[in-house]
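Mind having a look at this structure? Questions to follow.
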Amino acid sequence: MSVRSPMPDLEGSGFQDMRITFLMMRLSNTWRLVLDRAIRPEGMSMAMMRPLAYLMMMPDGVSQRDLAQAMNTDSSALVRVLDLLEKEGLVERRPDPVDRRVKSLFLTPGGKHRCARLHEICAELEGRLLCDIPTDMMGQTVHALSRLLRYAEMLSQEENEPTSCTSLPRGKPSERGG
């Protein structure tokens, strides 16, 4: 299999300290393209799959605001996608029993079926992606990715552009809670 475009050679460029950034950006973009191509025959796009995936993992009746917050996305952009998912019969909006202004979200039976199909597709692709990672390293891989995500989320909560990593836990992994 050929790679679409070569990875920039960072070693002699003075940007060696950005290797992780380049790799994560490239992995994220490439994986999104792979998933989008795989779910397109199902009549889906990544924009549609993301809220379905989150709804599949969240409790029934989650609010649109809570879903947007969990997805780390803008509520107004999410509303447009939810409109489409509702039109497709995959998601149902219901007034919240306590606050009628709040819309609670539910997967329909068709939405649950579509989620199951998306799960199959993603699990198969993930297996292919990880086929070269030894089984005994899988836990470490998931752990490292989870920690990177947690730290990135901490950085995203900072008010201004981060200037140091003093807010991040330091020390040995056992001392950092990870």
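Take VAL142 and decide whether it is outside the structural domain of THR30 (by TED's automatic domain parsing), under 23 Å from THR30 (Cβ atoms) and aliphatic (A, V, I, L, M). Quick ask: steps written out before the conclusion?
Working: outside the structural domain of THR30 (by TED's automatic domain parsing): yes; under 23 Å from THR30 (Cβ atoms): yes; aliphatic (A, V, I, L, M): yes.
For VAL142, the condition - outside the structural domain of THR30 (by TED's automatic domain parsing), under 23 Å from THR30 (Cβ atoms) and aliphatic (A, V, I, L, M) - is met.
Please work out if LYS103 is of a type in the set (Lys, Arg), touching a residue at least 40 places away in the same chain (Cβ under 8 Å) and in the same structural domain as MET44 (by TED's automatic domain parsing).
Details: of a type in the set (Lys, Arg): yes; touching a residue at least 40 places away in the same chain (Cβ under 8 Å): yes; in the same structural domain as MET44 (by TED's automatic domain parsing): yes.
Spelling it out, LYS103 is indeed of a type in the set (Lys, Arg), touching a residue at least 40 places away in the same chain (Cβ under 8 Å) and in the same structural domain as MET44 (by TED's automatic domain parsing).
For segment 70-99, which positions are closer than 30 Å to ARG150 by Cα and either surrounded by 12 or more Cβ atoms within 10 Å (Cβ to Cβ) or among the small types (Gly, Ala, Ser) (or both)?
Kept after step one, since they are closer than 30 Å to ARG150 by Cα, are these residues of segment 70-99: 70-82, 85, 91.
Listed by number, the residues that qualify are ALA70, MET71, THR73, SER75, SER76, ALA77, LEU78, VAL79, VAL81, LEU82, LEU85, VAL91.
What is the residue count in segment 100-109 for residues that are loosely packed, with under 14 Cβ neighbours inside 10 Å and modelled with pLDDT of 90 or more? Spell out how you get there, then give the answer.
The first filter runs over segment 100-109 and keeps only residues loosely packed, with under 14 Cβ neighbours inside 10 Å, leaving 100-101, 109.
Keeping just the survivors that are modelled with pLDDT of 90 or more gives 109.
Counting residues in segment 100-109 that are loosely packed, with under 14 Cβ neighbours inside 10 Å and modelled with pLDDT of 90 or more gives 1.
From the set of residues in segment 51-60 that are in contact (Cβ under 8 Å) with a residue 24 or more places away in the chain and either in contact with a Pro (Cβ under 8 Å, 6 or more places away or on another chain) or surrounded by 14 or more Cβ atoms within 10 Å (Cβ to Cβ) (or both), which is farthest from ALA116 (Cα to Cα)?
The initial filter retains those residues of segment 51-60 that are in contact (Cβ under 8 Å) with a residue 24 or more places away in the chain, namely 51-53, 55-56, 60.
Keeping just the survivors that are either in contact with a Pro (Cβ under 8 Å, 6 or more places away or on another chain) or surrounded by 14 or more Cβ atoms within 10 Å (Cβ to Cβ) (or both) gives 51-53, 55-56.
Values: PRO51: 14, LEU52: 10, ALA53: 10, LEU55: 12, MET56: 9 Å.
Applying the filter and picking the extreme gives PRO51.
Please enumerate the residues belonging to segment 65-92 that are more than 14 Å from LYS103 (Cα to Cα) and of a type in the set (Asp, Glu).
ASP74, GLU88
Moving on. Could you tell me whether segment 78-90 includes any residue that is at pLDDT below 95 and touching a Pro at 6+ places or on another chain (Cβ under 9 Å)?
There is at least one residue in segment 78-90 that is at pLDDT below 95 and touching a Pro at 6+ places or on another chain (Cβ under 9 Å).
If we scan segment 39-57, do we find a residue that is among the aliphatic types (A, V, I, L, M) and more than 27 Å from GLU124 (Cβ to Cβ)?
Scanning segment 39-57, I find no residue that is among the aliphatic types (A, V, I, L, M) and more than 27 Å from GLU124 (Cβ to Cβ), so the answer is no.
Pick from segment 113-138 the residues that are without any contact (Cβ under 8 Å) to a residue 40 or more places away in the chain and closer than 20 Å to PRO51 by Cβ: which of them is farthest from the chain's Cα centre (by Cα)?
Filtering segment 113-138 down to residues without any contact (Cβ under 8 Å) to a residue 40 or more places away in the chain leaves 113, 116, 120, 123-124, 126-128, 130-138.
Now drop any that are not closer than 20 Å to PRO51 by Cβ, which leaves 113, 116, 120, 123, 126.
Details: HIS113: 20, ALA116: 17, GLU120: 17, ALA123: 14, GLU126: 14 Å.
In this case the residue turns out to be HIS113.
Pairs please, first residue from segment 15-27 and closer than 20 Å to GLU126 by Cβ, second anywhere and at pLDDT 85 or above and surrounded by 11 or more Cβ atoms within 10 Å (Cβ to Cβ), Cβ atoms under 8 Å, 6+ apart in sequence or on different chains.
MET24/LEU148
The values are calculated or read from the model by the stated rules, or taken from the named source; none is laboratory data. Since we're looking at a predicted model, the values are computed, not measured. Here Cβ is always computed from backbone atoms with ideal geometry, including for glycine, and neighbour counts include all displayed protein chains.
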